[in-house]
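Peer 1: One structure follows; several queries about it will come next.
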Amino acid sequence: MFSRSLFTKSFRATAAVCSLLLVSGCGLFADSSDSSSSNGFNPPDLKAQSKLGTPEGQVNLINWAGYVEDGSTDPKVDWVTPFEKQTGCRVNSKVAASSDEMVKLMKSGAYDAASASGDASLRLIASGEAAPVNTDLVPNYKDVFFGLKKQDWNSYNGTMYGIPHGRGANLLMYNTQEVSPAPTSWSAVFDDASKHKGHVTAYDSPIYIADAALYLSETKPGLHIRNPYALDQQQFDAAVDLLKKQRPNVGEYWGDYLKEVSAFKSGDSVVGTTWQVIANLAASEGAKVKAVLPQEGATGWSDTWMISAKAKHPNCAYKWMNWVISPKVNAQIAEYFGEAPANIKSCDETSDPTFCDTFHAMDESYWKDIAFWTTPIEQCLDGRTNVKCVPYSDWVQAWSEIRG
């Protein structure tokens, strides 16, 4: 079950200071020419809002912890109060513990928008819970990195179904004193996992099956895996089998990343999947760790603010979506949560001048090696029409069997 735990400790990036890339006219603002490749995926024919009306006075949000901060968690962290004062829209927010919970809450009709991850977004689109978004009503959208626009997890048929919030990669972290030589491949947690039996850690979610599929796409080319979220039954069974073989070597499956920091500090975990923010925090607290992007690439996550098709306060919701990707606010959120911002101009607003370098915010070549979480559906996302792919519900069942 996908869990996003709040990062409650501040930290400064430990990477060496690098000059920020100056970008002008380099295509980073351009829209991708590709739209959703979900052939045969037919969501309800809903229309995007054509113009903004009078703000309704409030907005009800479902969000990951750390995305909607009003100073109650940390008095120094508050981008909600300025929004309320500027727009007259009072913010009511509920933290979701998982993507499944977020989908369920959106279906209740009680919420106007949600910060959906890629393992939930297609479910919301397919069920008609999420409405298309008129990006012309979100002025800051023009400054969103093109690599986040019109992607499989946030669009359909060239139409955006949300506003990108940020992105991150699932990296390989290892204890530099216990793991030698330094790993450069995901084989460290799969084929070679027995070398660190009981001290391997893995992300606790059905979507982690995609990590195994991505590894197999490079090591078992005969499986012909082109997209780790588009797996036919044979490909899916191979990924599940790999994870079942990995299971005896896993000491802990993590969802709360503060617990992963503790595990690497104590030595309970010495190698496994992680996020850049975890690696930074663990290193700042004395853990001898490094995080790398393996040679096979990696999976990753990109969150999208999606507006409910049943929204009772759509005008305030649109104002919120524009607010959270405004340069200064998006920078605040990115630094607080630990992710690359969605707005390219945010890199000029971070308090840490090295932040965007550390999180590869402006390096589009880096993100080309990241397979962002996308909800698996029967209509194969890689374009195949001669087979059915395994839907997410089966991923959930298989994950339960893997975890035991």
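Laboratory data are not the source of any read-out in this text; all were calculated from the coordinates shown. This is a predicted model, so every value here is computed, not measured. When we count neighbours, we look across all protein chains shown, and the Cβ atoms used for this are built from the backbone with ideal geometry, even at glycine.
Peer 1: Dipole size in debye (nearest 20) for the chain around its Cα centre, Lys and Arg Cβ +1, Asp and Glu Cβ -1?
Peer 2: 460
Peer 1: A further question on this structure: Choose one answer from N63, N386, N175: the residue with the largest mean-square fluctuation in a GNM of the chain with alpha-carbon springs under 10 Å.
Peer 2: Highest fluctuation of the listed residues: N386.
Peer 1: Based on Cα positions only, what radius of gyration and what Dmax would you give for segment 260-328, in angstroms?
Peer 2: For segment 260-328, the Cα-based Rg and Dmax read 18.6, 50 Å.
Peer 1: Still on this structure, please answer the following. Once amide H atoms are placed 1.01 Å from N in the peptide plane, what residues at a sequence separation of 5 or more from V250, or on another chain, have their amide H within under 5 Å of its amide H?
Peer 2: Placed amide hydrogens put G198 under 5 Å from V250.
Peer 1: Taking θ = phi - 60°, what integer Hz values does the Karplus form 6.51 cos²θ - 1.76 cosθ + 1.60 yield along segment 131-143, in sequence order, with x for Gly and Pro?
Peer 2: After applying 6.51 cos²θ - 1.76 cosθ + 1.60, I find 9, x, 10, 8, 5, 5, 8, 10, x, 6, 4, 4, 9 Hz.
Peer 1: Can you report the principal axis dimensions of segment 188-245 using only the alpha carbons, biggest first, rounded to whole angstrom?
Peer 2: The Cα atoms of segment 188-245 stretch 31, 22, 14 Å along the principal axes, largest first.
Peer 1: Tell me the Rg and the Dmax, in Å, that the Cα atoms of segment 325-389 produce.
Peer 2: According to the Cα coordinates of segment 325-389, Rg and Dmax are 16.4, 51 Å.
Peer 1: Given Cβ point charges of +1 (Lys, Arg) and -1 (Asp, Glu) and nothing else, what value in debye, to the nearest 20, does the dipole of segment 147-221 about its Cα centre take?
Peer 2: The calculation lands at about 240 debye.
Peer 1: Follow-up question, since we're still on this one. For all pairs of alpha-carbon atoms in segment 219-342, what percent lies in each bin of width 10 Å, listed from the first bin to the last filled one?
Peer 2: Per 10 Å bin, starting at zero, the Cα-Cα P(r) for segment 219-342 comes out as 10, 26, 29, 24, 11, 0 percent.
Peer 1: Follow-up. Please report the antiparallel percentage of DSSP beta bridges with both residues in the chain, rounded to the nearest 5.
Peer 2: Roughly 60 percent of the beta bridges in the chain run antiparallel, per DSSP.
Peer 1: Restricting things to alpha carbons, tell me how big segment 102-212 is in terms of Rg and Dmax, in Å.
Peer 2: Rg, Dmax (Cα atoms, Å): 18.9, 54.
Peer 1: If you don't mind, another one. By how many nm would the segment from Y366 to V387 lengthen if fully extended, with 0.36 nm per residue of separation less the alpha-carbon distance?
Peer 2: Value of the extension gain: 4.4 nm.
Peer 1: Something else now. Give, as a single signed number, the net charge of other residues whose beta carbon lies under 9 Å from the beta carbon of R403, with Lys and Arg counted +1 and Asp and Glu -1.
Peer 2: Its environment carries a net charge of -1.
Peer 1: Hey, another quick one. Let me have the 222 nm mean residue ellipticity of the chain computed from DSSP H runs of 4+ only, each contributing -39500 (n - 2.57), with the sum over all residues rounded to the nearest 500.
Peer 2: Helix contribution divided over all residues of the chain: -8000 deg cm²/dmol.
Peer 1: Which residue, A371, C347, S393, has the largest displacement toward the positive end of the dipole of segment 338-393 when charges sit on each Cβ (Lys, Arg +1; Asp, Glu -1)?
Peer 2: With unit charges placed on the Cβ atoms, the residue in question is S393.
Peer 1: Hey, can you grab everything whose amide H is under 5 Å from the amide H of D303? Only 5+ residues off in sequence or another chain; H modelled, so Pro and N-termini drop out.
Peer 2: Correct list: H165, G166.
Peer 1: On to the next question. From the phi angles alone, apply the Karplus equation (6.51, -1.76, 1.60; θ = phi - 60°) to segment 302-310 and give each ³J(HN,Hα) in whole Hz, x where the residue is Gly or Pro.
Peer 2: So the Karplus estimates, Gly and Pro as x, are 9, 8, 10, 6, 10, 9, 5, 5, 9 Hz.
Peer 1: Let me ask something else. Under 29 Å Cα to Cα from K107, which lysines show up? Leave out anything in the same chain fewer than 8 places away.
Peer 2: K47, K51, K94, K149, K150, K310, K312, K319, K388
Peer 1: Let me ask another. For the chain, what is the convex hull (Cα atoms) projected area averaged across all directions, in square nanometres?
Peer 2: 18.6
Peer 1: Given +1 on the Cβ of Lys and Arg, -1 on the Cβ of Asp and Glu, and no further charges, what dipole in debye does segment 279-344 carry about its Cα centre, rounded to the nearest 20?
Peer 2: For this selection, approximately 300 debye.
Peer 1: For segment 344-352, take each phi angle, set θ = phi - 60°, evaluate the Karplus expression 6.51 cos²θ - 1.76 cosθ + 1.60, and give the result in whole Hz per residue in order, putting x for glycine and proline.
Peer 2: 4, 6, 5, 5, 8, 10, 6, 6, 9
Peer 1: Something else: Just for the Cα atoms in segment 256-404, what are the lengths along the principal axes, largest first, rounded to whole Å?
Peer 2: Reported extents, whole Å, longest axis first: 49, 45, 31.
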